[in-house]
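So the structure is just underneath, and the comments pick up after that.
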Amino acid sequence: MTGTPMATRDFAASVERGLHIAIGVVILAKTTVFASALTARTSYDARDVLLSLAVVACVGTAGVRCVLGRPGRVDVVLCTLAMVAGALLHQGTVPLAGAADSPIIHLVEPMLLVVAARLPAATILTVAGLYVLLRWETGRTAVSLYYGVQEAAFITGTVLAVFVLVGLMRRTSARAEEALRAEGARQAAEDDRAGVEATAFVHDDLVPALLSVASLPRAEPTLAAAADALDGLSTRTPTWSRAQLAEQVRAAADSSGLDVLLVVRGRRTAVPEDVRDALVGAVREALRNVARHSGGHRATITLTQRPGRVRLTVEDAGVGFVVTPGVGLRVAVTGRVEAAGGTALVTSTPGAGTIVTLDWHAHRVARLLGLSADTDTFARAAVGQPGQAALRMCGVLMAGYAVSGLLLAFDGVRQPATWAGAAVVAVLAAGLARRIDRGPVSAATLVVGGLVPAAVLTLVLPTVPAGGLGGLESWIVEFTALPAMVLAWTASLRVVALLLVPNGIAITVVALQAGVAAPDLPHLLFVQPLNTFFVAVIIGVCRRAGLVLAGISTSPVRDRGDAARSLLGPLLPEVERTLARPTCTETAAGAAVLAHSVRDCLYLPGPTHLALREELHQLRRTGTHVVVTLHQDLATSATLASAVAVLRALAPGRVTLSGTALQTSLVVVPAVPVAAADALTAALPRTWVATLDPDATLLTGPPGELEVEALSLDPPGGGTAGVTPVA
């Protein structure tokens, strides 16, 4: 995790973009339902057609702009105009409150745009007041005014709940942004401190220890210096349990001291935390066995990820074995993985290496539902107690539904069964909220959250008159979505969708038995999943901020060992082998060359100069004494690396590298034989010049590719390598 300002801005923008897409999709979906209802009408007049086109054009434009991430006040105005046009469509009639042909379908659109455009909550109340006036103006009766109040109360409560939820999302996002900013500053400070300490360690301890191994491999001070240097290269075990499995496996490979090739296949899959820890621990132990017993220093790790499945193989080409695996493999590998619900298989052939295969499969039900402990973890990191956040949101929703129900009761629609069912659902939602505050929910809890609301609908909806189905009299339909909204805090979107299936079946059966017309059935079925999914998407954005917060809170602090290992790069395995076996004749012989190559890492650090460091290292291995005396830090060195590579075949006695960021030189002593001069100049980069002297050969040119591009503007022939003989 970088935590840079750019990453912070990207995160904030992606949070708002996710909200805009969700709101835009809801608006466009409602417009589609409105347009489909128009096609079912038996007759049209020019006025209605024009008004309908105005509605579709205004709302469609606002919805598309919202999806594209550019909502603003103009879109609120467009949706408000669409609401006015929708109300005027029914001149002389008073549609039932909340019915499919009521302008209520256009009331939610400007309100949601208010949320997207970050306008004050008072704007929502203003739109609601305008809607009530429109209902009264178009009907000119007390009934129309009363219907307007009922509908405005119903929708305003819903949108205010969204307003509260989005406010929570934005506050969580702001916390994540601040955490990213603070983490960036912390990481930068830690990197600087660790880098300085690593540079001092390499210069003061590591290089002298390697030189001591080369000169006095069996002396007691040498053994102590080698042990101290090896200990200084050690790094702490990663503790970032929220990181991706691939990142943790890579960290284990980097800390092993081996030359490890990591191959990752497939997309990331959800893995429980205890399984992740077991797999990574088993990989770490398998790599230790490679280092101790295989006789080699190379290993290959293959991580294959599939939905609900992970396979890890650790393979080496060492000596293998025929006996039963030791206690390390039996306990720290096989036993550890099996305790987490996975399987481990160790196969080995003498002389052909060892393969450790680790497998984990999610339980079928958990895989089907997409259950993961991460969902609960990230929700908890985002809001602390997700159950309390769910109760606040549901409380606002319940207030809106209750006001609508009370207004119906004041109008003579008592609905005792509906109120009893709402009480059951409210108790269930409160119980679920308390349950998710205690930790991840079980499958049984999810079943209860899905079946109880469906049972309530099955019992209550038949008591609603057929004419009231689809209107505000069937407000129990929206009310029974509350348990799914509560569980959306710690359940995936797939689970939320499955929770709504029993509700949809109950609504369809009751509606068909009551004789609801086919055009009105989509309106009845559409509202519950649309509202629930919209809320679930916003909650998902909150969890994404929680992922950032959880990752930061457990991210590792870079220490001197990390920085030193990173500084050494590909030389690390050879350095560790030399320090681990200082008395070995083979390692001691190459320790002096290795010490000088390690010193190159101080003056040519980072991956930019990796090719040059490798060429200098290989040149030293031919027996050449290489001296590096650069006066400036090089920005790039690719061309210089090519020039050094040319000298390797000549195996000169001494090569001195010096120069600046614009021009570098290689002095070769003794001079290159005349017979090899033509071959040398032909092999040099085009921008380099060879100057031949009886005692030495001077090769000069730019160190990097940027200078090559600049010099390529010279006339043809001006940039080619040439030979300048000196008498």
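The values are calculated or read from the model by the stated rules, or taken from the named source; none is laboratory data. Note that the structure is predicted; figures quoted are calculated from it, not measured. All Cβ positions, glycine included, derive from the backbone under ideal geometry; neighbour counts span all protein chains shown.
Can you find, within the range 379-436, the residue that is modelled with the highest pLDDT among those that are within 19 Å of VAL464 (Cβ to Cβ) and of a type in the set (D, E, K, R)?
Filtering first and then ranking leaves ARG414.
Residue-wise test of (1) β-branched (Val, Ile, Thr); (2) out of contact with any Phe, Trp or Tyr (no Cβ under 7 Å at 6 or more places or on another chain); (3) within 16 Å of PHE201 (Cβ to Cβ).
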| residue | (1), (2), (3) |
| --- | --- |
| ILE539 | yes, no, no |
| LEU567 | no, yes, yes |
| LEU571 | no, yes, yes |
| THR583 | yes, yes, no |
| GLU586 | no, yes, no |
| ALA592 | no, yes, no |
| HIS596 | no, yes, no |
| VAL626 | yes, yes, no |
| THR629 | yes, yes, no |
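Conditions: (1) farther than 26 Å from GLY18 by Cα; (2) touching a helix residue (DSSP H, G or I) at 6+ places or on another chain (Cβ under 9 Å); (3) modelled with pLDDT under 85. LEU130 meets all but one. Number of the miss?
Checking LEU130 against (1) farther than 26 Å from GLY18 by Cα; (2) touching a helix residue (DSSP H, G or I) at 6+ places or on another chain (Cβ under 9 Å); (3) modelled with pLDDT under 85, the one that fails is (3).
For the list (1) hydrophobic (A, V, I, L, M, F, W, C); (2) at pLDDT 80 or above; (3) buried (at least 18 other Cβ atoms within 10 Å of the Cβ), I need the number of the one condition that ALA588 fails.
Condition (2) is where ALA588 drops out.
Tell me which residues, restricted to the range 396-418, are crowded, with 17+ Cβ neighbours inside 10 Å and either part of a helix (DSSP H, G or I) or out of contact with any helix residue (DSSP H, G or I) (no Cβ under 8 Å at 6 or more places or on another chain) (or both).
Within the range 396-418, VAL396, LEU397, MET398, GLY400, TYR401, ALA402, VAL403, SER404, GLY405, LEU407, LEU408, THR418 meet the criteria.
Looking at PRO440, PRO502, PRO453, PRO465, which one is at pLDDT 90 or above, surrounded by fewer than 21 Cβ atoms within 10 Å (Cβ to Cβ) and either not assigned by TED's automatic domain parsing to the domain that holds ARG414 or not hydrophobic (A, V, I, L, M, F, W, C) (or both)?
On the way: PRO440 fails: at pLDDT 90 or above; PRO453 fails: surrounded by fewer than 21 Cβ atoms within 10 Å (Cβ to Cβ); PRO465 fails: at pLDDT 90 or above.
Result of the check over PRO440, PRO502, PRO453, PRO465: PRO502.
With respect to VAL260, determine if the residue is surrounded by 18 or more Cβ atoms within 10 Å (Cβ to Cβ), modelled with pLDDT of 85 or more and either touching a strand residue (DSSP E or B) at 6+ places or on another chain (Cβ under 9 Å) or farther than 21 Å from ALA580 by Cα (or both).
Details: surrounded by 18 or more Cβ atoms within 10 Å (Cβ to Cβ): yes; modelled with pLDDT of 85 or more: yes; either touching a strand residue (DSSP E or B) at 6+ places or on another chain (Cβ under 9 Å) or farther than 21 Å from ALA580 by Cα (or both): yes.
Yes; evaluated as a whole, the condition is true for this residue.
Do we find that ALA251 is at pLDDT 75 or above, more than 22 Å from the chain's Cα centre (by Cα) and crowded, with 18+ Cβ neighbours inside 10 Å in this structure?
Values: at pLDDT 75 or above: yes; more than 22 Å from the chain's Cα centre (by Cα): no; crowded, with 18+ Cβ neighbours inside 10 Å: yes.
Judged against the criteria, ALA251 is not a match.
Do the conditions hold for HIS609, that is, is it assigned to a helix (DSSP H, G or I), surrounded by 22 or more Cβ atoms within 10 Å (Cβ to Cβ), not aliphatic (A, V, I, L, M) and not assigned by TED's automatic domain parsing to the domain that holds TRP475? Reasoning before the result, please.
Working: assigned to a helix (DSSP H, G or I): yes; surrounded by 22 or more Cβ atoms within 10 Å (Cβ to Cβ): yes; not aliphatic (A, V, I, L, M): yes; not assigned by TED's automatic domain parsing to the domain that holds TRP475: yes.
The answer is yes for HIS609.
Just to check your reading of the model, which residue among LEU630, LEU594, LEU657, LEU684 is under 22 Å from PRO208 (Cβ atoms) and touching a residue at least 40 places away in the same chain (Cβ under 8 Å)?
Working: LEU630 fails: touching a residue at least 40 places away in the same chain (Cβ under 8 Å); LEU657 fails: under 22 Å from PRO208 (Cβ atoms); LEU684 fails: under 22 Å from PRO208 (Cβ atoms).
Of LEU630, LEU594, LEU657, LEU684, the one residue that is under 22 Å from PRO208 (Cβ atoms) and touching a residue at least 40 places away in the same chain (Cβ under 8 Å) is LEU594.
Taking LEU145 as meeting all but one of (1) within 19 Å of GLU473 (Cβ to Cβ); (2) assigned to a loop (DSSP other than H, G, I, E, B); (3) without any contact (Cβ under 8 Å) to a residue 40 or more places away in the chain, write down the number of the exception.
(2)
Tell me, which residue of the range 216-238 that is part of a loop (DSSP other than H, G, I, E, B) and loosely packed, with under 14 Cβ neighbours inside 10 Å is modelled with the lowest pLDDT? Give the derivation first.
Within the range 216-238, the first condition is being part of a loop (DSSP other than H, G, I, E, B), and the residues that meet it are 216-219, 233-238.
Now drop any that are not loosely packed, with under 14 Cβ neighbours inside 10 Å, which leaves 218, 236-237.
Numbers: ARG218: 80, ARG236: 53, THR237: 46.
It comes out as THR237.
Can you tell me which of GLY318, GLY281, GLY295, GLY341 is closer than 28 Å to ALA580 by Cα, assigned to a loop (DSSP other than H, G, I, E, B) and at pLDDT 80 or above? Spell out the reasoning first.
Details: GLY281 fails: assigned to a loop (DSSP other than H, G, I, E, B); GLY295 fails: at pLDDT 80 or above; GLY341 fails: closer than 28 Å to ALA580 by Cα.
Checking each option against the conditions leaves just GLY318.
Any idea how many residues of the range 169-215 are of a type in the set (Gly, Ala, Ser), at pLDDT below 80 and closer than 25 Å to GLY569 by Cβ?
Keep residues of the range 169-215 that are of a type in the set (Gly, Ala, Ser), which gives 173-174, 176, 179, 182, 184-185, 188-189, 194-195, 198, 200, 209, 212, 214-215.
Now restrict to residues that are at pLDDT below 80: 173-174, 176, 179, 182, 184-185, 188-189, 194-195.
Those left that are additionally closer than 25 Å to GLY569 by Cβ: 184, 188-189, 194-195.
Number satisfying all stated conditions: 5.
For a quick check of your reading of the model, give me the residue pairs whose first member lies in the range 403-421 and is without any contact (Cβ under 8 Å) to a residue 60 or more places away in the chain, whose second is exposed (fewer than 13 other Cβ atoms within 10 Å of the Cβ), with beta-carbon atoms closer than 6 Å and at least 6 apart or on different chains.
Short answer, once both residue conditions are applied: none.
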